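Have a look at the structure below before the remarks.
Bear in mind these aren't lab numbers, they're just calculated from the coordinates by the rules spelled out. Keep in mind it's a predicted model, so treat the numbers as computed, not measured. Methodologically, a virtual Cβ is constructed for each residue, glycine included, from the backbone with ideal geometry; neighbour enumeration extends over all protein chains shown.
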Amino acid sequence: MLLLNMILSCTTIVTAAVILKRDPSAEAQTLISDVGNIDAGVLVLTKDVKAYQGGLLSSTPISVDIITIHLANRKGYADANLVEPFGPADSEAIVKYTTNTVAVDIPASVDATIAKKQQFVDAGIEDVVLAGIKLLKEDHDTFSAALENKLAADSLPAGAAAVAVIDDALQHAIDVFSS
């Protein structure tokens with residue numbers, strides 16, 4: 001009986017080791033999906049900002065969009081902290097996807113938001129918009145740092161460039177809404 005229990009225990013350990021085997025490409029796809037979810041939220045936010053015609057109540061979709069992006073970002077941040085460093089091919093795929101999505105769409109969303117500043121001021125919600133932008137910048141800073149820590153060295157310059165584009169856009173929005 002003792003021998004049977006030992007065999008079952010060893011089988012369980014081996015099975016667990018097989019289940020826990022790391023799949024870097026799947027992990028990279030998870031991070032790409034996380035960036036895609038952030039980007040999808042940004043695209044909805046941009047649409048809602050462009051449609052905004054003033055007033056407190058009609059700003060509700062914008063607030064919901066910011067929360068949606070925040071939650072998607074926090075998932076990405078958690079996922080980035082759970083993975084092992086990526087190899088060159090996976091790092092390149094993540095950076096390329098980020099460069100072609102959020103690094104384009106976030107600055108466009110910022111431009112749309114800045115274009116509506118006076119309407120936000122008139123509605124008395126410019127501080128709420130500013131708080132949302134600051135939240136998204138903090139999210140961006142932490143997720144980007146976690147993700148950059150997992151990239152292969154040869155992908156870091158392109159990754160840092162994409163991060164800088166997003167960071168500069170968000171900081172510009174903070175500066176505009178702070179003045």
Calculate log10 I(q)/I(0) of region 81-125 for q = 0.17 Å⁻¹, where I(q) comes from the Debye formula with a single equal point scatterer on each Cα and nothing for solvent. -0.64
Charge sum, other residues only, whose C-beta stays under 14 Å from residue 135's C-beta, Lys/Arg counted +1 and Asp/Glu -1: -2
Using the structure shown, list the pairs from 96/117; 50/117; 96/150; 75/96 with a Cα-Cα distance above 22 Å, or answer none. 96/117
Semi-axes of the equivalent ellipsoid for the chain, Cα gyration tensor, largest first, Å: 41, 19, 12
Which helices count as membrane-span-like in the chain under these terms: full DSSP H, at least 15 Å along the axis by C-alpha, Kyte-Doolittle mean of 0.5 or more? 2-19, 102-115, 156-178
Note: probe point = Cα of residue 160 + 7 Å toward Cβ; backbone nitrogen < 13 Å; residues of region 89-126 passing the test are none
Sum -39500 (n - 2.57) across every DSSP H segment of at least 4 residues in the chain, then divide by the residue count to get the 222 nm mean residue ellipticity, nearest 500. -28500 deg cm²/dmol
Which longest uninterrupted range of the chain lacks any trypsin sites (Lys or Arg not before Pro) assigned by DSSP to a loop state (not H, G, I, E or B) and surrounded by at most 13 other Cβ atoms within 10 Å? 23-179
